[in-house]
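The structure appears right after this line, and notes come after that.
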Amino acid sequence: DARIDIVGKSGDAYKALLTEDQLRMLSSKGIKIEVLYAEMQNDRMRWAEAAASYGLATSYYTASKFNTTSPPPGSLMEHLVQLRNAHPDITRLYNLGATQDGAYDIIAMKVSRNPDTVEAEPKIRIYGNIHGDEKGGLMVACDVLDTILAGYTAAPQDATARTLVDESEMWFIPMGNPYGNAN
(Lines give C-alpha, C1' and ligand atoms only; values in the text may rest on other atoms or scores of the structure.)
Protein backbone atom coordinates (compact mmCIF):
# COMPACT_ATOMS: atom_id res chain seq x y z
CA ASP A 1 0.00 0.00 0.00
CA ALA A 2 2.89 2.39 0.69
CA ARG A 3 4.27 4.10 -2.39
CA ILE A 4 8.06 4.12 -2.22
CA ASP A 5 10.28 5.95 -4.69
CA ILE A 6 12.82 3.37 -5.92
CA VAL A 7 15.74 5.22 -7.49
CA GLY A 8 18.14 2.36 -8.18
CA LYS A 9 18.88 -1.37 -7.92
CA SER A 10 22.11 -3.27 -7.56
CA GLY A 11 21.83 -7.05 -7.24
CA ASP A 12 19.31 -7.74 -4.48
CA ALA A 13 19.62 -4.24 -3.01
CA TYR A 14 17.26 -1.38 -3.84
CA LYS A 15 17.97 2.31 -3.37
CA ALA A 16 14.90 4.30 -2.35
CA LEU A 17 13.88 7.73 -1.11
CA LEU A 18 11.96 7.19 2.12
CA THR A 19 10.00 9.27 4.56
CA GLU A 20 10.40 8.59 8.28
CA ASP A 21 7.07 6.73 8.27
CA GLN A 22 8.14 4.57 5.34
CA LEU A 23 11.46 3.82 7.05
CA ARG A 24 9.65 2.71 10.23
CA MET A 25 7.16 0.63 8.24
CA LEU A 26 9.89 -1.24 6.35
CA SER A 27 11.92 -1.75 9.52
CA SER A 28 8.84 -3.14 11.31
CA LYS A 29 8.53 -5.76 8.54
CA GLY A 30 12.11 -6.94 9.20
CA ILE A 31 13.52 -5.48 6.00
CA LYS A 32 17.21 -4.65 6.34
CA ILE A 33 17.75 -0.89 5.90
CA GLU A 34 21.00 0.99 5.40
CA VAL A 35 20.88 4.78 5.40
CA LEU A 36 23.46 6.07 2.92
CA TYR A 37 24.65 9.07 4.94
CA ALA A 38 27.99 9.41 3.13
CA GLU A 39 26.29 9.30 -0.27
CA MET A 40 23.74 11.90 0.83
CA GLN A 41 26.54 14.19 2.07
CA ASN A 42 28.46 13.73 -1.20
CA ASP A 43 25.31 14.64 -3.17
CA ARG A 44 24.84 17.79 -1.07
CA MET A 45 28.46 18.82 -1.66
CA ARG A 46 28.19 18.11 -5.40
CA TRP A 47 24.98 20.17 -5.67
CA ALA A 48 26.51 23.03 -3.67
CA GLU A 49 29.60 23.07 -5.90
CA ALA A 50 27.49 23.00 -9.07
CA ALA A 51 25.25 25.77 -7.79
CA ALA A 52 28.22 27.90 -6.74
CA SER A 53 29.82 27.51 -10.18
CA TYR A 54 26.66 29.06 -11.68
CA GLY A 55 26.31 31.69 -8.95
CA LEU A 56 23.11 30.09 -7.62
CA ALA A 57 21.86 29.59 -4.07
CA THR A 58 23.22 26.41 -2.48
CA SER A 59 20.23 25.51 -0.36
CA TYR A 60 16.48 25.59 -0.29
CA TYR A 61 14.68 28.43 1.42
CA THR A 62 13.05 27.57 4.73
CA ALA A 63 9.50 28.15 5.94
CA SER A 64 8.74 30.95 8.40
CA LYS A 65 6.10 33.32 9.69
CA PHE A 66 5.30 36.47 7.69
CA ASN A 67 7.82 39.03 8.99
CA THR A 68 8.98 41.90 6.79
CA THR A 69 11.16 43.60 9.42
CA SER A 70 13.46 40.76 10.52
CA PRO A 71 12.83 37.60 8.52
CA PRO A 72 14.80 34.50 9.55
CA PRO A 73 18.10 34.04 7.67
CA GLY A 74 17.79 31.55 4.82
CA SER A 75 14.00 31.74 4.79
CA LEU A 76 11.76 32.31 1.79
CA MET A 77 10.53 35.39 3.65
CA GLU A 78 14.05 36.81 3.72
CA HIS A 79 14.47 36.22 -0.01
CA LEU A 80 11.14 37.82 -0.88
CA VAL A 81 11.79 40.84 1.37
CA GLN A 82 15.12 41.35 -0.43
CA LEU A 83 13.32 41.24 -3.78
CA ARG A 84 10.62 43.63 -2.57
CA ASN A 85 13.27 46.06 -1.32
CA ALA A 86 15.11 45.86 -4.66
CA HIS A 87 11.90 46.29 -6.72
CA PRO A 88 9.49 48.35 -4.58
CA ASP A 89 7.61 49.87 -7.53
CA ILE A 90 6.49 46.57 -9.06
CA THR A 91 6.21 44.13 -6.12
CA ARG A 92 3.98 43.61 -3.08
CA LEU A 93 4.14 40.94 -0.38
CA TYR A 94 1.05 39.22 1.02
CA ASN A 95 0.38 36.79 3.83
CA LEU A 96 -2.15 34.27 2.49
CA GLY A 97 -2.66 32.67 5.89
CA ALA A 98 -1.15 30.33 8.42
CA THR A 99 -0.52 26.61 8.14
CA GLN A 100 -2.82 24.22 10.01
CA ASP A 101 -0.52 24.22 13.06
CA GLY A 102 0.02 28.00 12.95
CA ALA A 103 3.81 27.64 12.85
CA TYR A 104 4.30 29.09 9.35
CA ASP A 105 2.63 31.43 6.88
CA ILE A 106 1.96 31.03 3.16
CA ILE A 107 3.67 33.99 1.52
CA ALA A 108 2.90 35.45 -1.90
CA MET A 109 4.52 38.12 -4.03
CA LYS A 110 2.49 40.11 -6.52
CA VAL A 111 4.43 41.48 -9.50
CA SER A 112 2.85 44.05 -11.81
CA ARG A 113 3.53 47.48 -13.29
CA ASN A 114 0.79 48.82 -11.00
CA PRO A 115 0.75 46.38 -8.05
CA ASP A 116 -1.75 48.44 -6.02
CA THR A 117 -4.33 48.61 -8.82
CA VAL A 118 -6.68 45.92 -10.12
CA GLU A 119 -6.45 46.14 -13.90
CA ALA A 120 -8.10 44.31 -16.79
CA GLU A 121 -5.06 42.22 -17.63
CA PRO A 122 -4.18 38.52 -17.56
CA LYS A 123 -3.57 37.01 -14.13
CA ILE A 124 -0.72 34.51 -13.84
CA ARG A 125 -0.12 32.35 -10.76
CA ILE A 126 3.12 30.46 -10.18
CA TYR A 127 2.57 28.02 -7.32
CA GLY A 128 5.38 25.77 -6.05
CA ASN A 129 6.08 23.25 -3.29
CA ILE A 130 2.49 22.04 -3.17
CA HIS A 131 3.76 18.76 -1.76
CA GLY A 132 6.17 19.43 1.09
CA ASP A 133 8.74 16.89 -0.05
CA GLU A 134 8.90 18.30 -3.59
CA LYS A 135 11.21 21.22 -2.92
CA GLY A 136 12.27 21.62 -6.54
CA GLY A 137 9.05 23.52 -7.32
CA LEU A 138 9.97 26.08 -4.67
CA MET A 139 13.31 26.79 -6.29
CA VAL A 140 11.86 26.85 -9.81
CA ALA A 141 9.21 29.38 -8.74
CA CYS A 142 11.92 31.51 -7.10
CA ASP A 143 14.20 31.22 -10.13
CA VAL A 144 11.39 32.35 -12.46
CA LEU A 145 10.59 35.27 -10.15
CA ASP A 146 14.27 36.24 -9.83
CA THR A 147 14.77 36.03 -13.61
CA ILE A 148 11.75 38.19 -14.43
CA LEU A 149 12.68 40.87 -11.89
CA ALA A 150 16.33 40.90 -12.99
CA GLY A 151 15.30 41.15 -16.65
CA TYR A 152 12.86 43.97 -15.94
CA THR A 153 15.55 46.12 -14.34
CA ALA A 154 18.40 45.09 -16.65
CA ALA A 155 20.01 47.52 -19.04
CA PRO A 156 18.95 46.92 -21.72
CA GLN A 157 15.62 45.72 -20.37
CA ASP A 158 14.58 42.19 -21.27
CA ALA A 159 11.58 42.41 -23.62
CA THR A 160 9.85 39.31 -22.22
CA ALA A 161 10.23 40.51 -18.63
CA ARG A 162 8.89 43.93 -19.61
CA THR A 163 5.84 42.41 -21.31
CA LEU A 164 5.11 40.13 -18.35
CA VAL A 165 5.37 42.90 -15.75
CA ASP A 166 3.70 45.65 -17.78
CA GLU A 167 0.87 43.61 -19.27
CA SER A 168 -0.09 41.08 -16.59
CA GLU A 169 -0.56 40.56 -12.88
CA MET A 170 1.71 37.76 -11.63
CA TRP A 171 1.33 36.06 -8.29
CA PHE A 172 4.25 33.97 -7.03
CA ILE A 173 3.53 31.51 -4.22
CA PRO A 174 6.83 29.62 -4.13
CA MET A 175 6.06 27.63 -0.95
CA GLY A 176 2.42 26.63 -1.06
CA ASN A 177 2.90 24.06 1.70
CA PRO A 178 5.29 25.51 4.32
CA TYR A 179 4.22 22.97 6.95
CA GLY A 180 5.02 20.10 4.60
CA ASN A 181 8.26 21.77 3.53
CA ALA A 182 9.45 22.10 7.14
CA ASN A 183 8.28 18.67 8.19
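What to note about this one:
- By the compact-protein rule of thumb, 2.2 N^0.38 Å, the alpha-carbon radius of gyration of the chain corresponds to a ratio of 1.24.
- Selected from PRO156, PRO88, PRO73 as most flexible by GNM, with the chain as the system and alpha-carbon contacts under 10 Å: PRO156
- Chymotrypsin sites (Phe, Trp or Tyr not before Pro) restricted to segment 136-178 and DSSP loop, no more than 13 other C-beta within 10 Å: none
- Chain lengthening between SER168 and TYR14 when straightened (0.36 nm per residue, less Cα-Cα): 50.7 nm
- Modelled spin labels at ASP21 and ASP89, positioned 7 Å past Cα toward Cβ, are 4.9 nm from each other.
- Helix 76-86 and the long axis of the chain differ in direction by around 20°, with both axes built from C-alpha atoms.
- 17 Å Cα-Cα reach of LYS123 towards aspartates and glutamates, excluding residues that sit fewer than 8 places from it in its own chain: ASP166, GLU167, GLU169
- Solvent exposure of segment 80-162, expressed per residue, is 54 Å² of accessible area, with all protein chains present and a 1.4 angstrom probe.
- On the chain, 53 percent of the accessible area sits on carbon and sulfur atoms, based on a 1.4 Å probe.
- For the chain, a Gaussian network of Cα nodes joined below 10 Å ranks GLY137, GLY30, GLY97 by mean-square fluctuation, and the top entry is GLY30.
- Taking a Cβ cut-off of under 9 Å around LEU93, the surrounding Lys, Arg, Asp and Glu residues balance to a net charge of +3, with basic ones at +1 and acidic ones at -1.
- Across all Cα pairs in segment 88-173, the calculated P(r) in 10 Å bins from zero up to the longest distance comes to 17, 46, 28, 9, 1 percent per bin.
The values are calculated or read from the model by the stated rules, or taken from the named source; none is laboratory data. The structure displayed is predicted, hence computed values, not measured ones. So basically every Cβ, Gly included, is an ideal-geometry build from the backbone, and we count neighbours across all protein chains shown. These accessible areas exclude ligands, DNA and RNA; they are computed on the full protein's heavy atoms, side chains included. Shrake-Rupley method; radii C 1.70, N 1.55, O 1.52, S 1.80 Å.
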